[in-house]
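Notes follow the structure.
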Amino acid sequence: MAEAVFQHMVAEAGLSNVIKADSAGTGAWHVGEPPHHGTRTVLRNHGIAYTHAARQIEPLDFAHFEYIIALDRSHLSDLRYYARGNQATLKLLMDYVPGTHVHDVPDPYYTGGFDEVYTLVSQGCRALLDHIIAEHHLAPRR
């Protein structure tokens, strides 16, 4: 969900040719599968088109991507282990949201709270995009 929301925001800002995003899991449980039907429903309800097959994070991701974003502290811990000294910025998505007390985005696969997750992910993605725009002095179309 976070990748789809972020890519949608990047496209709306006219920055798709500058900012690329991809998502990957820390485990191989769902490799090759589409997003959960609850995720697809929420994205469709918000007018976000998205096609993706799950994949597992790879060592090259840490060299290829400047930012590697986790949705919860457990996954962030896993990512730090896998990073093994690479220079990618590893942070929680919600760390970019000023003044929030939420750190972990719950996994709707277990909770069923797809709308709640969409709200959190939207806040986090907007803040992350704003950070990237400021950090890299990009000129969005808004």
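The values are calculated or read from the model by the stated rules, or taken from the named source; none is laboratory data. A quick note: this is a predicted structure, and the numbers were derived from the prediction, not measured. A quick note on method: Cβ atoms are made from the backbone with ideal geometry, for glycine too, and the neighbour counts reach across all protein chains shown.
Values computed for the structure shown
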read-out: Qualifying residue in the range 46-61 (condition: within 14 Å of Val117 (Cβ to Cβ) and either at pLDDT 95 or above or of a type in the set (Lys, Arg) (or both)); value: yes
read-out: When residues of the range 105-142 are limited to those that are over 22 Å from Gly14 (Cα atoms) and among the β-branched types (Val, Ile, Thr), the one modelled with the lowest pLDDT; value: Thr111
read-out: Contacts under 6 angstrom Cβ, first residue in the range 76-91 being closer than 20 Å to Ala2 by Cα and modelled with pLDDT under 95, partner surrounded by 13 or more Cβ atoms within 10 Å (Cβ to Cβ) and of a type in the set (Asp, Glu), 6 or more apart; value: none
read-out: Contacts under 9 angstrom Cβ, first residue in the range 126-142 being assigned to a helix (DSSP H, G or I), partner of a type in the set (S, T, N, Q) and at pLDDT 95 or above, 6 or more apart; value: Ala127/Thr100
